[in-house]
Number of protein chains: 2
Amino acid sequence: MGASGRRIPEATVARLPDYLRLLTESLDAGVVNLSSEELADLAGVNAAKVRKDLSYLGTYGVRGVGYDVEYLIYQFRRELGLDHDWPVVIVGAGNLGQALAGYGGFRERGYPVAGIVDVDPAKVGTKIGEIEVRPVTELAAIVRRCHVSIGVVATPAPAAQLAADRLVAAGISSILNFAAVLLTVPSTVSVRKVDLAVELQILSYYEQRRAAAALATPRAQLAHGG
Amino acid sequence: MGASGRRIPEATVARLPDYLRLLTESLDAGVVNLSSEELADLAGVNAAKVRKDLSYLGTYGVRGVGYDVEYLIYQFRRELGLDHDWPVVIVGAGNLGQALAGYGGFRERGYPVAGIVDVDPAKVGTKIGEIEVRPVTELAAIVRRCHVSIGVVATPAPAAQLAADRLVAAGISSILNFAAVLLTVPSTVSVRKVDLAVELQILSYYEQRRAAAALATPRAQLAHGG
DNA sequence: GATTGTGAAAGCGTTCACAGCC
DNA sequence: GGCTGTGAACGCTTTCACAATC
């Protein structure tokens, strides 16, 4: 049996990258072994959750001792498919697309930018670090040449569906979508959405609530104090 | 009773901004009324979920008819605290910070950038659109002057905690964190984290799974086909 | 003695299904 | 007749608690 044997719950999958990062930082700091409680503290979660999460990958811990950091990192990287790079292609060379292309963190974490394309002829040819913006017509060629399977949609909202269609036609099977629209793609394609305005709205909702609560019971603090 | 009366589940809160956007787009397109099923289709979710989500805000629908789009937008905006702008301050004027500051979408959606600060003297004074990068020492002054309650951490990971500490000291009560670290803040401060590398790792996990599954059962397709 | 791995319990979130209302 | 609002059922996630193991 291999990595493909088990089915890992979505909620756990979403936490694996965080564990991996914490483990890597620990290893760099010279930590050889970690207990579930120590890892839980680093991740800001409950120790039982850490143990259950790790148990989906396999039984890599030692009772009474904990987990070998280096070995766990190896298993995490294998499970997450990080034994090789995953080149990405970015569609849209506006503010965000440029920032993403220029952001070294992607390459560093195993996601080199294979290319960035735009429909706007004025943008084609400009350089972002070492990467040159190419016309969108070259998308399929880039995908084929660099074996890209992840595409990033960084276009304005009205252009996002077309960008996604082009990515799918080019043979991509995962999309990270920064545009504020629901993308329609074949069921074989995974999509994750990051909407910055949505994040701010969630924050301001809770701000608003606190403000409303403070107004509604202005003397509650005093009551509790006495 | 007002908006502050009910307690809305987190999962619902996270969907409200999406509904609001879809409703606004519908209104712009001339749609006056929507049923829960129509809104569900737009949002890519189940109609029962839409009805339950909306029911937490109040009983704004009409049985046999649906929801009045304009009235629902009004209620959403009130509930989300969008009856006024929420100025934000950005800490870190690197790639991402600059992109965020230059991204018009924030202002447009009610989150004008009140300021962007950086510790690097070389960056101070540079202009991003109409906004000038200021030294981090001016953070508290900006927060006070513009009544900012939301801060954005767009620094490299090692500087993120210090940035958060400064934001908290300056009086901020919500933080949107783009750095790949867990921020420690007082319990009165809300934090939301956006980690782009994590999103890519989640996508590549599922990519990896598909690839492994395809290898494990290379003839499964044929078997199903026959 | 310490810590894992995991059944069982508790808590949330989603979906169903239908009474209630227009 | 059509659609909402919601109790009840279901399923997923988290947490507890402890036997198994080093």
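Using the beta-carbon distance between A:V191 and A:T59 and R0 = 22 Å, what value does 1/(1 + (r/R0)^6) give for FRET efficiency, to the nearest 0.05?
The computed FRET efficiency comes out at 0.10.
Under 1.5 on a/c is rounded, so check that first for chain A, then, if it is not, pick prolate when a/b is larger than b/c and oblate when it is not; a ≥ b ≥ c are the square roots of the alpha carbon gyration tensor eigenvalues.
Because a/c hits 1.5 or more and a/b fails to exceed b/c, chain A counts as oblate.
Among A:A159, B:A114, B:G44, which residue has its Cα furthest toward the positive end of the charge dipole of the protein assembly as shown, with +1 on Lys/Arg Cβ and -1 on Asp/Glu Cβ?
B:G44
I need B:K127, A:K123, B:K52 ordered by Cβ neighbour count within 10 Å, fewest first.
B:K127, B:K52, A:K123
Restricting to Cα pairs below 8 Å that are 6+ residues apart, what does the relative contact order work out to for the stretch B:1-104? Please round to a whole percent.
Computed over the stretch B:1-104, the figure is 28 percent.
Relative contact order for the stretch B:122-226: what is it in percent, counting Cα pairs under 8 Å that are at least 6 residues apart?
Normalised by residue count, the contact order of the stretch B:122-226 is 18 percent.
Could you name the lysines whose alpha carbon sits less than 28 Å from that of B:K127, not counting residues in the same chain fewer than 8 places away?
A:K123, A:K127, B:K193
Please list, in chain and number order, the residues 5+ apart from A:I175 or on another chain whose amide H is under 5 Å from its amide H, with Hs placed from the backbone.
A:G151, A:S190, A:V191, A:R192
For B:S35, enumerate residues with amide H under 5 Å from its amide H, sequence gap 5+ or separate chain, H modeled in the peptide plane.
Sorted by chain and number, the residues that satisfy this are B:Y67.
Please figure out what share of the DSSP beta bridges in chain A is antiparallel and state it in percent, rounded to the nearest 5.
25
What are the ³J(HN,Hα) values, in whole Hz, obtained from phi via the Karplus relation 6.51 cos²θ - 1.76 cosθ + 1.60 with θ = phi - 60°, for each residue of the stretch A:107-122 in sequence order, with x given for Gly and Pro?
4, 4, 9, x, 10, x, 7, 6, x, 9, 10, 8, 7, 6, x, 5
Compute the label-point distances linking B:A213 to its equivalents in the other copies; points lie 7 Å from Cα along Cα→Cβ; give nm, one decimal, shortest first.
Those separations, rounded to one decimal, come out as 4.2 nm.
Which whole number gives the average, over all residues in B:102-108, of C-beta atoms from other chains lying within 10 Å of the residue C-beta?
So the per-residue partner count for this stretch is 4.
Mind putting a number on the dipole of the protein assembly as shown about its Cα centre? Charges go on the C-beta only, +1 for Lys and Arg and -1 for Asp and Glu, and I need it in Debye to the nearest 20. Write out the running numbers ahead of the final one.
Working: 46 positive and 46 negative charges, 165 e Å.
With only Lys, Arg, Asp and Glu charged at Cβ, the dipole is about 800 debye.
Starting from the Cα gyration tensor of the protein assembly as shown, take the square roots of the eigenvalues, sort them a ≥ b ≥ c, and report rounded, prolate or oblate (rounded when a/c is under 1.5, otherwise prolate if a/b is larger than b/c, else oblate).
On the way: a/c = 1.28, a/b = 1.19, b/c = 1.08.
Note, shape of the protein assembly as shown comes out rounded.
Taking each label point as 7 Å beyond Cα in the direction of the beta carbon, state the distances from B:T59 to the same residue in the other copies, shortest first, in nm.
Copy-to-copy label distances for B:T59: 5.5 nm.
Using a 10 Å cut-off around each Cβ, can you sort B:Y60, A:Y19, A:Y103 from fewest to most neighbouring Cβ atoms?
B:Y60, A:Y103, A:Y19
So what is the 222 nm mean residue ellipticity for the protein assembly as shown from helices alone, if each DSSP H run of at least 4 adds -39500 (n - 2.57) and you divide by all residues, rounding to the nearest 500 deg cm²/dmol?
-15000 deg cm²/dmol
With an 8 Å Cα cut-off and a minimum separation of 6 or more residues, compute the relative contact order for chain A in percent.
On the way: 298 pairs, mean separation 28.2, N = 226.
Once normalised by length, the contact order is 12 percent.
Want the number for B:D165 to B:A141: 0.36 nm per residue separation, take away the alpha-carbon distance, what's left?
Additional length available on full extension: 7.1 nm.
Put the label 7 Å from Cα along Cα→Cβ for A:V191; what are its distances to the other copies, in nanometres, shortest first?
3.1
Apply the Karplus parameterisation 6.51 cos²θ - 1.76 cosθ + 1.60, with θ equal to phi minus 60°, to every residue of the stretch A:33-43 and state each ³J(HN,Hα) to the nearest whole Hz, in sequence, with x for glycine and proline.
9, 9, 8, 4, 5, 5, 5, 4, 4, 4, 8
How many partner chain Cβ atoms sit within 10 Å of a residue's Cβ in peptide A:205-216, on average, as a whole number?
6
Gap in Å between the Cα centre of the stretch B:30-88 and the Cα centre of the stretch B:189-210?
Answer, in whole Å: 29.
In B, who owns the beta-carbon nearest the axis carrying B over to A, and how many Å from it?
Here the value is B:A99, 2.
If r is the Cβ-Cβ distance from A:R6 to B:K52 and R0 is 41 Å, what FRET efficiency results, to the nearest 0.05?
Efficiency computed from Cβ-Cβ geometry: 0.80.
For the stretch A:81-93, in order, what is each residue's ³J(HN,Hα) by Karplus, 6.51 cos²θ - 1.76 cosθ + 1.60 with θ = phi - 60°, in whole Hz (x at glycine and Pro)?
Here the 3J(HN,Hα) series is x, 9, 7, 9, 6, 10, x, 10, 10, 9, 9, x, 10 Hz.
Can you bin the stretch B:88-194 into rounded, prolate or oblate? Criterion: square roots of the alpha carbon gyration tensor eigenvalues sorted a ≥ b ≥ c, rounded for a/c under 1.5, prolate for a/b above b/c, oblate for the rest. Let's see the in-between values first.
Values: a/c = 1.36, a/b = 1.25, b/c = 1.09.
Rounded is the answer for the stretch B:88-194, as its axis ratio a/c remains below 1.5.
None of the figures in this text is laboratory data; all of them are computed from the coordinates on show. Computed from a predicted model, the values in this text were never measured in an experiment. So basically every Cβ, Gly included, is an ideal-geometry build from the backbone, and we count neighbours across all protein chains shown.
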